[in-house]
Amino acid sequence: MEQRIERALAITPASRARERTIDITTTGARTGRPRRIEVWFYRVDGRIYLSTTPARRSWYANIVANPDFVFHLKNGVRADLPAVGTPVLDRAQREAVFSSIIADLNQPWNPAGIRQPVAPLDEWMQGSPLISVDFPEGDTE
């Protein structure tokens with residue numbers, strides 16, 4: 001993977017909202033049509049994840065039904081990366097990833113500029129989608 005793309009994917013808790021913001025193009029679970037939406041991505045222990053605060057999300061249903069999607073970098077680096085999404089269902093893994101995301105979003109400096117505090121861990125565990133992202137054409141770790 002190109003160095004500029006690797007740098008764009010190497011976000012940290014100090015990364016600002018614009019650095020975390022991407023678009024994804026999924027295939028509609030019911031329609032089979034392309035669906036593009038803006039989301040944030042997270043990096044936990046060297047892996048890339050997609051998630052949101054607790055809520056049902058159509059992008060999640062689309063990835064569950066059709067795991068291949070496009071991960072569009074758009075801030076500082078423009079690139080359309082073929083990706084594969086895998087739902088994270090293991091309770092221990094979900095807890096570890098969500099704990100990291102919540103700590104990131106609740107940090108005092110709050111570089112992402114979101115309202116704090118974010119929902120507690122138990123709400124994320126019960127109501128937030130979590131997708132692990134792989135890039136078949138290159139390693140991001």
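Scanning region 37-71 for residues that are farther than 21 Å from residue 101 by Cα, touching a residue at least 40 places away in the same chain (Cβ under 8 Å) and not polar (S, T, N, Q) gives 68, 69, 70. Has region 87-94 got any residue that is loosely packed, with under 14 Cβ neighbours inside 10 Å, in a loop (DSSP other than H, G, I, E, B) and at pLDDT below 95? No: region 87-94 contains no residue that is loosely packed, with under 14 Cβ neighbours inside 10 Å, in a loop (DSSP other than H, G, I, E, B) and at pLDDT below 95.
Of everything in region 70-81 that is touching a helix residue (DSSP H, G or I) at 6+ places or on another chain (Cβ under 6 Å) and in a strand (DSSP E or B), the residue that is nearest to residue 129 (Cα to Cα) is 73.
A quick yes/no check of all residues on (1) crowded, with 17+ Cβ neighbours inside 10 Å; (2) under 23 Å from residue 127 (Cβ atoms); (3) among the β-branched types (Val, Ile, Thr):
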| site | (1), (2), (3) |
| --- | --- |
| 14 | no, no, no |
| 19 | yes, no, no |
| 32 | no, no, no |
| 61 | no, yes, no |
| 65 | no, yes, no |
| 80 | no, no, no |
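Among residues of region 2-21 that are more than 10 Å from residue 76 (Cβ to Cβ), those with a Cβ under 6 angstrom from a residue that is part of a helix (DSSP H, G or I), sequence gap 6+ or separate chain, pair up as 11/19; 11/20; 13/104.
The values are calculated or read from the model by the stated rules, or taken from the named source; none is laboratory data. Predicted, not measured: the structure shown is a model, and the values here were computed from it. Virtual Cβ from ideal backbone geometry, glycine too; neighbours counted across all protein chains shown.
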